[in-house]
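Enquirer: For reference, the structure I am asking about is given below.
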Amino acid sequence: MQSAVTDASTGSKISKSDFQPNNWYKVSVPTTVIAGLLANKVYNFDPFYGKNFEKLTDSRLDKPWWFRRVFDLPESENGKNVVLKLHGINYKANIWLNGVLIADSTQAIGPFRIIELDITKQVKYKGPNVLAIEVKRPFDPNKRGGDLAIDYADWIHYPPDFNNGIINNVEIKTFNKVGVEYPLVTTKFDLPSLAVAHLEVDAMAVNYTDKEQDAVVKGKINDDISFEQKVHLLPREKKQVTFGPNKFKQLNVKDPHIWWPWEYGKPELNRLELSMMHDNELSNVISENFGIREVSSFLIQENKSREFVINGKPIMLRGAAWSPDIFQRRSAERQEQELKLVRDMNMNIVRSEGKLEDDNFYDLCDKYGLLVMSGWMCCGAWQYPEKWDIAKRSIAMSSDSSVMYWLRNKSSMLTWLNGSDMPPRDKKVEADWLVIEADLKWPNPTIASANESESKISGNTGVKMAGPYDWVPPSYWEQDTTRYGGTWSFATEISPGPAIPPYESLIKFIPKDSILNGSTDWMYHCGTMQFGNTKIFDTALYARYGKPSSMRDYLAKAQIQNYEGNRAMMEAYGLKKYHYATGVVQWMLSNPWPSLIWHTYDYYLYPAGTYFGMKKSMEPLHVMYSYNSNSVAVVNSLLEKFTGLKVRATVYNLDGAEKFTKEVTAAVGEDGTKDCFAIPRIEGLSDTYFLRLELKDDAGKVKSINWYWLSGKKDELNWKKSTWYYTPESTFTDYSALQKMPATTLDVHHESSKTETGTTHKVTITNTGKSIAFFVHLRALKQKGGDDILPVIFEDNYISLAPGESRTIDCSYENKDAGNNSKPYILVSSWNLDAAHSKTGENSGFEKTKE
């Protein structure tokens with residue numbers, strides 16, 4: 001890789017084998033320009049630290065950059081038709097091969113397009129071939145009339161190269177005159193029966209020659225189902241080939257291996273192989289996994305709520321919005337680490353807005369039984385099609401076609417959104433996209449936008465983007481039932497705002513003397529525009545928990561407020577599922593860079609208060625408290641009925657004295673909810689008090705423990721002053737008494753087991769004092785005084801314990817993440833810990849977090 005300013009050689013010279021790329025940068029594609037420069041250690045600073053991001057200034061970033069690759073074709077490919085397949089040119093490029101310009105920047109344009117170029121005439125079957133791609137950056141993708149590229153809206157500061165580069169795969173494919181591409185397997189069941197799956201197989205047959213060709217397309221599923229048909233192709237023709245279950249009876253599969261979202265069953269995958277034969281010779285073979293599953297949706301609540309159905313079963317969707325690295329750096333390892341965290345939080349969906357990933361990402365979602373909502377971007381050029389000229393309209397249409405071909409056979413794909421913050425403002429654009437999607441047999445629901453605005457083409461969306469995006473209290477979600485972000489409809493992006501990382505992460509990207517909620521470095525790592533600070537969150541924290549005595553105290557309180565706010569959102573949507581809440585997507589899952597807002601885990605994969613509040617709220621079998629009705633309920637997210645459940649509620653004063661207890665036996669239907677009982681008025685409660693809920697199954701096994709801290713003074717919302725991004729409070733609840741909570745002692749010990757690849761610790765924590773042990777936090781360090789082991793999976797965290805209560809928490813991680821020769825150390829803290837009189841076993845200890 002090199003700048004066209006630094007090396008002004010022409011494409012005809014750069015794309016020849018005698019060219020010497022002296023002082024060029026070695027890069028791995030996919031990559032953006034800045035990602036390539038970072039990989040080559042061009043910058044002697046961390047661009048994420050403080051305001052170093054602003055140092056990434058270079059006038060060359062506005063100019064074209066060259067990407068050059070030398071390759072040889074294997075002898076076995078001699079004489080075949082050769083196709084160059086480019087996926088992810090951002091934004092446009094002149095493409096040279098062996099000294100010849102094979103496509104210019106009017107042809108190779110658009111990051112979401114799959115561009116296929118027949119290079120049979122230019123390729124060398126013997127000796128080196130040289131491919132040189134001159135990539136030009138997009139301009140103004142965040143503005144009306146700008147380029148149809150990657151946009152970040154108000155998420156972050158824009159990378160100065162605007163992600164200029166090659167952001168997806170570059171491939172060479174060979175064919176013997178004809179070929180088969182882009183398979184699709186569509187499933188229909190005789191619902192509600194799943195005994196037989198009626199499969200339809202589609203693919204594109206292509207003639208790469210100037211003559212008519214006869215060929216045979218052959219198919220095989222799981223090595224035990226075979227089918228084939230002849231196809232006649234005109235010169236250069238591309239033709240859809242279909243194998244239907246009426247004609248090909250073997251595609252009516254009995255007792256099929258069905259793909260389910262993880263909560264409902266196993267995400268079983270089947271294997272499809274398609275091949276193209278010409279003159280009894282094999283031209284090409286494609287193989288990929290697919291899921292036997294059927295997705296549909298319908299509207300309820302006067303068409304305001306869209307309910308999704310998979311394999312005949314309605315599903316309540318709760319998840320978060322995916323965000324890639326700001327420089328579009330991708331790693332298969334990182335993708336799997338993050339999606340394992342998604343699963344660990346008990347989420348079942350991720351949303352990707354205008355940021356499409358690679359095949360590995362979708363394969364992992366298929367594997368883990370996670371659903372994906374994807375679609376076009378908001379706010380910038382994509383949102384204003386009425387500003388597009390003929391060329392941009394062509395880019396948009398071919399982009400849609402490419403995405404449909406690419407993603408239509410992914411088991412995890414739930415739905416496609418043709419807009420984000422509004423339906424396409426040009427009716428013709430949506431209509432044309434819908435024609436493309438129908439022609440290419442997109443097998444899942446298509447929605448006009450992620451917004452509640454009615455499309456003039458496709459009608460009601462049944463989803464909403466009504467906020468909030470900043471802090472609101474736990475009581476917010478159940479109170480609003482018709483207008484804002486409360487528990488009605490499908491909220492495609494929604495959040496109680498900032499997610500303050502712990503100190504251990506903050507020091508990685510903010511200078512220690514700037515870790516102040518108001519410093520320029522602090523605000524630089526918030527969002528932009530309305531979200532460029534944490535003032536709304538901080539105002540609530542100071543009023544509700546008391547003015548922090550230090551930044552450490554602030555950070556401890558922030559984790560508590562993050563936990564309760566995010567837990568309440570997901571719990572409320574779960575409680576009201578199908579009446580009339582049908583889905584909720586947390587804005588966001590992760591950040592493109594280290595940030596103080598909108599994430600469930602931070603850039604370094606540290607799971608803090610937001611993460612564990614989310615994880616708790618979405619337990620498959622869960623007991624919860626309703627802030628609105630003051631009652632206890634069970635929420636079941638599994639396709640299984642439960643009877644003989646024991647639901648217990650215990651109320652404690654701040655000093656640990658028990659004030660109330662009640663236990664009932666309950667049953668809950670599959671994917672159902674059950675209101676159990678209300679908490680009565682209790683005399684003699686302290687200003688702040690605790691509610692402990694416990695759920696046991698009919699065998700006496702604990703399935704859920706859930707603690708709440710409550711106050712006689714309630715949060716009150718000023719609904720009349722609501723804005724698009726939050727609803728202010730007129731009165732705040734008062735948890736300030738927590739600051740004077742009596743200290744308690746803990747006994748901590750753990751047992752470890754280690755395999756070749758991973759380690760598990762069973763950490764037992766016992767409250768040996770007389771007070772509640774509040775918000776007990778566990779960390780796993782590489783060694784005493786060392787860094788946290790990340791990523792790490794804790795069975796539960798930020799737990800509370802009644803006097804005398806003991807819990808054992810599993811902690812697991814991969815050995816490679818613990819470092820070489822590490823001696824893992826378990827570090828424990830608590831809101832009200834008397835560390836001096838507490839006890840720990842070997843390789844564990846206590847820390848004070850508020851000092």
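Enquirer: Mind checking the alpha-carbon convex hull of the stretch 1-134 and giving the volume per residue in Å³?
Expert: Value for the stretch 1-134: 119 Å³ per residue.
Enquirer: Oh, and also: Can you send over the solvent-accessible area of CYS378, 1.4 Å probe, protein chains only, in Å² to the nearest 10?
Expert: 10 Å²
Enquirer: Continuing with the same structure: Viscosity 1.567 mPa s, temperature 4 °C: give me the Stokes-Einstein translational D for the stretch 761-822 in µm²/s, with Rh taken as the Kirkwood radius over C-alpha pairs.
Expert: 102 µm²/s
Enquirer: Moving on to the next point. How big is the gap, in Å, between the Cα center of the stretch 647-715 and the Cα center of the stretch 454-516?
Expert: 27 Å
Enquirer: For the Cα atoms of the chain, what angle does the longest principal axis make with the long axis of helix 359-368, in degrees from 0 to 90, nearest 10?
Expert: The helix 359-368 is inclined about 40 degrees to the chain.
Enquirer: Taking the alpha-carbon centroid of each part, what is the distance from the stretch 164-227 to the stretch 835-849 in angstrom?
Expert: 60 Å
Enquirer: In degrees from 0 to 90, rounded to the nearest 10, what is the angle of the helix 551-575 Cα long axis to the longest principal axis of the chain?
Expert: That helix lies at roughly 70 degrees to the long axis.
Enquirer: Let me ask something else about it. Pop the C-beta distance of ALA835 and VAL664 into the FRET formula with R0 = 45 Å and round what comes out to the nearest 0.05.
Expert: Efficiency, from the Cβ-Cβ distance: 0.70.
Enquirer: Excluding residues on the same chain fewer than 8 positions from LYS220, give the lysines whose Cα lies under 17 Å from its Cα.
Expert: Qualifying lysines at Cα under 17 Å: LYS230, LYS247, LYS249, LYS254.
Enquirer: Still on this structure: Just reorder THR32, THR446 by solvent-accessible area, largest first, 1.4 Å probe, all chains present.
Expert: THR446, THR32
Enquirer: Please work out the FRET efficiency for the pair LYS124 and ASP104, using the Cβ-Cβ distance as r and a Förster radius of 30 Å; give the result to the nearest 0.05.
Expert: After rounding, the FRET efficiency stands at 0.85.
Enquirer: Mind jotting down the three principal axis lengths of the stretch 650-735 based on Cα atoms? Whole angstrom, largest first.
Expert: Principal-axis extents of the stretch 650-735 (Cα, largest first): 49, 37, 18 Å.
Enquirer: Same structure again: How would HIS157, HIS232 line up by accessible area, probe 1.4 Å, largest first?
Expert: Descending order: HIS232, HIS157.
Enquirer: State, as an integer percentage, the relative contact order of the chain based on alpha-carbon contacts under 8 Å between residues 6 or more apart.
Expert: For the chain, the relative contact order is 8 percent.
Enquirer: Roughly how compact is the stretch 722-775, stated as its Cα Rg over 2.2 N^0.38 Å to two decimals?
Expert: The reported ratio for this selection is 2.04.
Enquirer: Jot down the per residue volume, in cubic angstrom and as a whole number, of the convex hull over the alpha-carbon atoms of the stretch 207-281.
Expert: 121 Å³
Enquirer: Using heavy-atom solvent-accessible surface (probe 1.4 Å) with all chains present, what is the largest-first order of ARG567, ARG306?
Expert: ARG306, ARG567
Enquirer: Can you flag which of LYS51/LYS848; LYS16/LYS177; LYS126/LYS392 are past 32 Å Cα-Cα?
Expert: LYS126/LYS392
Enquirer: Excluding PRO21 itself, calculate the net charge of residues whose Cβ lies under 9 Å from the Cβ of PRO21, where each Lys or Arg counts +1 and each Asp or Glu counts -1.
Expert: Counting the neighbours of PRO21, the net charge comes to 0.
Enquirer: So which lysines can LYS713 reach, going by Cα to Cα under 26 Å and dropping same-chain residues fewer than 8 places off?
Expert: LYS535, LYS547, LYS557, LYS576, LYS616, LYS659, LYS662, LYS721, LYS740, LYS770, LYS850
Enquirer: In addition: Using only Cα atoms and rounding to the nearest 10 degrees, what angle (0 to 90) does helix 332-344 make with the longest principal axis of the chain?
Expert: The angle comes out near 40 degrees.
Enquirer: Can you grab the distance from the C-alpha centre of the stretch 294-369 to the C-alpha centre of the stretch 18-65, Å, no decimals?
Expert: 32 Å
Enquirer: Oh, and also: Report VAL253's accessible area, 1.4 Å probe, all protein chains in place, as a number in Å² to the nearest 10.
Expert: The value for VAL253 is about 20 Å².
Enquirer: According to the Cα gyration tensor, what semi-axes, each the square root of 5 times an eigenvalue, does the equivalent ellipsoid of the stretch 460-609 have, listed from largest to smallest in whole Å?
Expert: Calculated on Cα positions only, the semi-axes equal 28, 16, 13 Å.
Enquirer: In percent, what relative contact order does the stretch 591-642 have, based on Cα pairs under 8 Å that are 6 or more apart in sequence?
Expert: The normalised contact order for the stretch 591-642 reaches 21 percent.
Enquirer: Further, regarding this structure: Can you give me the three principal axis dimensions of the stretch 520-632 from its C-alpha atoms, in Å, biggest first?
Expert: 44, 32, 25
Enquirer: Got a number for the accessible area of GLU237? Probe 1.4 Å, square angstrom, nearest 10.
Expert: Here the residue's solvent-accessible area equals roughly 50 Å².
Enquirer: Within the chain, which cysteines find no other Cys whose Cβ is under 4.7 angstrom from their own?
Expert: CYS365, CYS526, CYS676, CYS811
Enquirer: Need one number: the % of Cα-Cα pairs in the stretch 90-215 sitting beyond the 17 Å mark.
Expert: 71 percent
Enquirer: Moving to a separate point now. Run a plain Debye calculation on the chain (Cα atoms as equal point scatterers, no solvent) and give log10 I(q)/I(0) at q = 0.07, 0.08 Å⁻¹, rounded to two decimals, same order as the q list.
Expert: Taking Cα atoms of the chain as identical point scatterers yields -0.58, -0.76.
Enquirer: Any idea what diffusion coefficient the stretch 273-359 gets from Stokes-Einstein, in µm²/s, Kirkwood Rh on alpha carbon pairs, 37 °C, 0.692 mPa s?
Expert: 194 µm²/s
Enquirer: Can you tell me how much longer the chain between SER287 and GLU54 gets when fully stretched, taken as 0.36 nm per residue apart minus their C-alpha distance, in nm with one decimal?
Expert: Contour length minus the Cα-Cα distance gives 79.3 nm.
The values are calculated or read from the model by the stated rules, or taken from the named source; none is laboratory data. Computed from a prediction, not measured in an experiment: that's the story for all the values here. Glycine gets a Cβ as well: all are built from the backbone with ideal geometry, and neighbour counts include every protein chain shown. Accessible surface areas use protein heavy atoms only, side chains included; no ligands, DNA or RNA. Shrake-Rupley method; radii C 1.70, N 1.55, O 1.52, S 1.80 Å.
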